[in-house]
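Asker: One structure, as structure tokens, below. Some questions next.
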Amino acid sequence: MNIILLGPPGAGKGTQARRLVEEHGMVQLSTGDMLRAAKTSGTEMGNKVAEVMARGDLVTDDIVIGLIAEQLDGEAGKQGLIFDGFPRTLAQADALDKLLAEKGKTLDAVIEMKVDDEVLVDRVSGRFTCAKCGEVYHDTTKPTKAEGVCDVCGSTEFTRRADDNAEAIRVRLMAYYRSTAPLIGYYYAKGKLVTVDGLAEIETVAKEIKAGLGL
Ligand code: AP5
Ligand code: ZN
């Protein structure tokens, strides 16, 4: 099964993708994670990407499409895929259709995670991530069980993202409404759209997604 998780910054795409990976052995393809990895490479492309991401703007289509194409050509391409944060523009959606068709794969569903803007700002500003295993937490909605210790791997090192500040969040939301929200209509017209209430608790959202996918 191949699915897209579609939603604004902070909707819970990464959180739910990790659960699907753990429980259903799917592979998460997060363009945000791939770009953050490129950023630390210190290459010219990495530096350019870092600037764009820190502002909250979208990285160019050719870069992200290239990253996804590379993954589909590799090991990941053989498994059930969760596209997390991709596609984000109609051009990316078009490119994904073509890439999947080339591989003889189909897109089974697009999960739209609906969340109010006020909640998004709070979600993103309270987020922190385990530096070792990548588990995503939140200061109030999902703190670690023991203070300062990752529930999953026991690490005591956590990171906060450079683009999780008020100004960048505003730009990210604008980019979402301008470039990504039109994809809701695109996938609805294709009969692929499954809308879930992203405001519910993490467990409840996970159940809704599974029900929507027939898992
Ligand atoms: P990316 O890394 O994709 O970030 P994003 O879309 O802004 O999404 P986030 O990771 O912020 O949120 P999320 O929905 O995954 O929420 P999470 O589960 O963490 O992209 C970053 C940047 O990279 C972009 O701005 C752009 O520059 C570039 N980029 C990436 N892909 C691109 C593309 N395709 N094209 C062009 N540029 C691209 O949850 C958030 C918080 O809320 C966490 O603290 C979590 O614990 C908490 N939480 C989650 N669910 C719930 C819940 N149900 N209730 C309460 N709290 C919850
Ligand atoms: Zn951890």
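Asker: Out of the residues in the range 170-184 that are more than 15 Å from the chain's Cα centre (by Cα) and of a type in the set (Val, Ile, Thr), which is most open to solvent (accessible area, probe 1.4 Å)?
Answerer: Ranking the candidates gives 184 first.
Asker: If I ask for residues that are touching a residue at least 60 places away in the same chain (Cβ under 8 Å), part of a helix (DSSP H, G or I) and open to solvent by 30 Å² or more (accessible area, probe 1.4 Å), which ones from the range 185-209 would you list?
Answerer: Residues satisfying the conditions are 186, 202.
Asker: Something else: Sort out which residues of the range 134-152 are outside any strand (DSSP E or B), more than 10 Å from ligand 1 (Cβ to nearest atom) and open to solvent by 40 Å² or more (accessible area, probe 1.4 Å), and write them in order of number.
Answerer: Of everything in the range 134-152, those that are outside any strand (DSSP E or B), more than 10 Å from ligand 1 (Cβ to nearest atom) and open to solvent by 40 Å² or more (accessible area, probe 1.4 Å) turn out to be 145, 147, 151, 152.
Asker: Only one of 33, 117, 61, 84 is within 16 Å of ligand 2 (Cβ to nearest atom) and either surrounded by fewer than 14 Cβ atoms within 10 Å (Cβ to Cβ) or within 23 Å of residue 174 (Cβ to Cβ) (or both). Can you tell me which?
Answerer: Numbers: 117 fails: within 16 Å of ligand 2 (Cβ to nearest atom); 61 fails: within 16 Å of ligand 2 (Cβ to nearest atom); 84 fails: within 16 Å of ligand 2 (Cβ to nearest atom).
Step by step, each of 33, 117, 61, 84 is checked, and only 33 is within 16 Å of ligand 2 (Cβ to nearest atom) and either surrounded by fewer than 14 Cβ atoms within 10 Å (Cβ to Cβ) or within 23 Å of residue 174 (Cβ to Cβ) (or both).
Asker: Which of (1) in contact (Cβ under 8 Å) with a residue 40 or more places away in the chain; (2) part of a helix (DSSP H, G or I); (3) within 17 Å of residue 8 (Cα to Cα) is the odd one out, the single condition residue 164 does not satisfy?
Answerer: (2)
Asker: Mind counting the residues in the range 52-63 that are without any contact (Cβ under 8 Å) to a residue 60 or more places away in the chain and over 11 Å from residue 163 (Cβ atoms)? First the steps, then the outcome.
Answerer: Filtering the range 52-63 for residues without any contact (Cβ under 8 Å) to a residue 60 or more places away in the chain gives 52, 59-63.
Filter once more, so that each one left must be over 11 Å from residue 163 (Cβ atoms): 59-63.
The number of residues fulfilling the criteria is 5.
Asker: Out of (1) at pLDDT below 95; (2) over 18 Å from residue 32 (Cβ atoms); (3) touching a Ser or Thr at 6+ places or on another chain (Cβ under 7 Å), the odd one out for residue 164 is which?
Answerer: Among (1) at pLDDT below 95; (2) over 18 Å from residue 32 (Cβ atoms); (3) touching a Ser or Thr at 6+ places or on another chain (Cβ under 7 Å), residue 164 violates only (2).
Asker: Exactly one of these conditions fails for residue 104: (1) within 16 Å of ligand 2 (Cβ to nearest atom); (2) in a loop (DSSP other than H, G, I, E, B); (3) without any contact (Cβ under 8 Å) to a residue 60 or more places away in the chain. Give me its number.
Answerer: Every listed condition holds for residue 104 apart from (1).
Asker: Select, from 117, 139, the only residue that is closer than 16 Å to residue 176 by Cα and not polar (S, T, N, Q).
Answerer: Working: 139 fails: closer than 16 Å to residue 176 by Cα.
From the options 117, 139, the qualifying one is 117.
The values are calculated or read from the model by the stated rules, or taken from the named source; none is laboratory data. Remember, it's a predicted structure, so these values are computed and weren't measured experimentally. Here Cβ is always computed from backbone atoms with ideal geometry, including for glycine, and neighbour counts include all displayed protein chains. Accessible surface is based on the protein model in full, side chains and every heavy atom, while ligands, DNA and RNA are left aside. Shrake-Rupley method; radii C 1.70, N 1.55, O 1.52, S 1.80 Å.
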